[in-house]
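Report on one structure; see the data block that follows.
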Amino acid sequence: MPDGPATPTPLEGVTSLYRRFRPGRFAELRGQDHVVRALRGAVANGRVSHAYLFSGPRGTGKTTSARILAKALNCESPVDGDACTVCASCVAITRGSSLDVIELDAASNNGVDDVRDIVAGAWHGTPGSWKVYIVDEVHQLSKAASAALLKTLEEPPAHVVFVLATTDPHKVLPTIRSRTQHLEFRLFPAETLASLLKDVSRAADLATDEATLEAAVRLGRGSARDALSALDQLVATGAVAEARPTFDDLLEGIVLSDAVSTLTALATLVGEGWDPEQLAESLAGEVRQVFLLQVAPRVADAVDADRARLVGWGERLGLARTVRVLETVGRAIREMKSAPDKVVILEVALVRLVRPELDATYEALEERLVRLERELRAAPAPTAPDTRSRRPIGQGAVTIPPVSEPEPPATVEPSPSPSTEAGGEDVPTLDDVRTRFAERVVPRTSRAAQLILRSARVQAVEGSVLTIAVASEEMRQNTEMITQGLRGALEHEFKRGFSVRWSVDPSLVAAPPPTRAPRGASAPIRDEEVHDTGDDDAEVVVVDSAAEHLITEMFPGAEEIS
Ligand SMILES: [Zn+2]
């Protein structure tokens, strides 16, 4: 809406801001330009589909757009495919009294009879006018109802348009989806919501200050409906501070890994009257912003006042833990849907978060790793620097025969005689390969790969074939997905291609990074150290490909090698 607020409806003063300032025509619809372009163009050119699928989060304008489409189609004096909003037809549709627009909320009327009823009506249209059927939450239709709908979509009556709206397009039958033109609605960026709220409060003559508007934008989380109802409430109660749960205490508890203070913070929030599910969702929303501000600040839609605070939490939580909070809370939200005692689910989830040792998931291991790294970074430098790691590397030129037996852990192989001119081909020695593997190759791989490779050991170099042993069969099965990245890292280091053969050597111990011997942050982990950590921390790392994918995405700094 470039100029002026949306057309106020005749219900002014009685209904919520969201209803009152619902856009009445395409020109007033904000933030969904691609949708508006498609629909206006279709109306103007007389090429309207018989069925549309509008998908997107709640409050992003799906049903509003469907009604505007109905208006534009039936308008007595349309302008460039847009409704005039003042003709008899437009007014009737705005009022909800038009017979040309039939709305069905599939969430409450999901049976086959409901669909048959509306579908039967589709055949008796008013001559010359378009009938628009809006089925909201279409994914909730029963199977039989979906089948009835599909039948109609297969042979749609002329002058009938179905607009199927859903927050979850993947749950819509593929056969239905394929008969529709799919338009996706997106969450509104914070600036769009801010300007919407500003215009609405000006038009409604509301006394609002910046802080109130910002709070409403925040509460809206990308949804125009939520932002406007938040504004409603804020104006009515004058309460800004109480309008949203504050998670600072809870996040503090998570940062400190303090189960008691985390649960106390949760109890306080529940005591303030927040519904556990709503709390979990708000927490997920807030942590999502913390996450985005870390990985893609431009995508984050935190309002300025909140930004610094959320960036601060990102720094304190770190990326790995932020991801884990998101995933754990997300899982809790799903579990809560069907659980009788929802707060318990949330409590258990939070305890898992602060006590990762209780949690055997991949992310928990990842987080332990990061935590250990931090501790090590904070620890004093090793007193006796290991000269072996300073040994000049990369000068060998002798082919080393394959080694069949694993080496005793702390053995350092004697350096091979320096460069001979063996055919000019620069073949690194096994010792060389081992050192460079640990010091340069492994750190270049993804973090998930590092979990496996830190306890791995180069067993042999035969020509261009590298044999690498891992600690268990289970780990070996996970090597497939890290091989490509590893080969890239090897090639980068050795300037030549290697193929990798994997073997299992149970004498290797799969463990998170060593906890015993403090070392400098960037000091590589050598085989020897890994062997030393054969202790109760040892754990078989199971990496699934989803986690691998997630982690490589999360840590672009770890150099994506392909
Ligand atoms: Zn009109």
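The values are calculated or read from the model by the stated rules, or taken from the named source; none is laboratory data. As the structure is a prediction and not an experimental result, all values here were calculated from the model. Note: ideal-geometry Cβ built from the backbone for every residue, glycine included; neighbour counts use all protein chains shown.
Laid out as a table, the results:
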read-out: Every residue from segment 82-91 that is touching a residue at least 24 places away in the same chain (Cβ under 8 Å) and near the ligand (Cβ under 7 Å from one of its atoms); value: 83, 84, 85, 89, 90
read-out: Residue, farthest from residue 323 (Cα to Cα), within segment 245-280, restricted to residues that are part of a loop (DSSP other than H, G, I, E, B) and either touching a strand residue (DSSP E or B) at 6+ places or on another chain (Cβ under 7 Å) or of a type in the set (S, T, N, Q) (or both); value: 246
read-out: Test: residue 113 is more than 11 Å from the ligand (Cβ to nearest atom), acidic (Asp, Glu) and at pLDDT below 85; value: yes
read-out: Which numbered condition residue 167 misses (of (1) touching a residue at least 24 places away in the same chain (Cβ under 8 Å); (2) outside the structural domain of residue 48 (by TED's automatic domain parsing); (3) not hydrophobic (A, V, I, L, M, F, W, C)); value: (2)
read-out: Residue within segment 123-146 that is in a helix (DSSP H, G or I), surrounded by fewer than 20 Cβ atoms within 10 Å (Cβ to Cβ), more than 16 Å from the ligand (Cβ to nearest atom) and touching a residue at least 24 places away in the same chain (Cβ under 8 Å) present; value: yes
read-out: Residues of segment 1-39 that turn out to be at pLDDT 50 or above, crowded, with 20+ Cβ neighbours inside 10 Å and over 32 Å from the mean Cα position of the chain (by Cα), as a count; value: 3
read-out: Complete set of residues in segment 64-97 that are small (Gly, Ala, Ser) and part of a helix (DSSP H, G or I); value: 65, 66, 70, 72, 88, 89, 92
read-out: Single residue of 515, 479, 483 found to be under 27 Å from residue 320 (Cβ atoms), modelled with pLDDT under 75, surrounded by fewer than 17 Cβ atoms within 10 Å (Cβ to Cβ) and of a type in the set (Ser, Thr, Tyr); value: 515
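For every residue, the table says whether it meets (1) at pLDDT 95 or above; (2) closer than 12 Å to residue 130 by Cβ; (3) within 11 Å of the ligand (Cβ to nearest atom).
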site	(1), (2), (3)
54	yes, no, no
59	no, no, no
69	yes, yes, no
80	no, no, no
93	no, yes, yes
97	no, no, no
100	no, yes, no
103	no, no, no
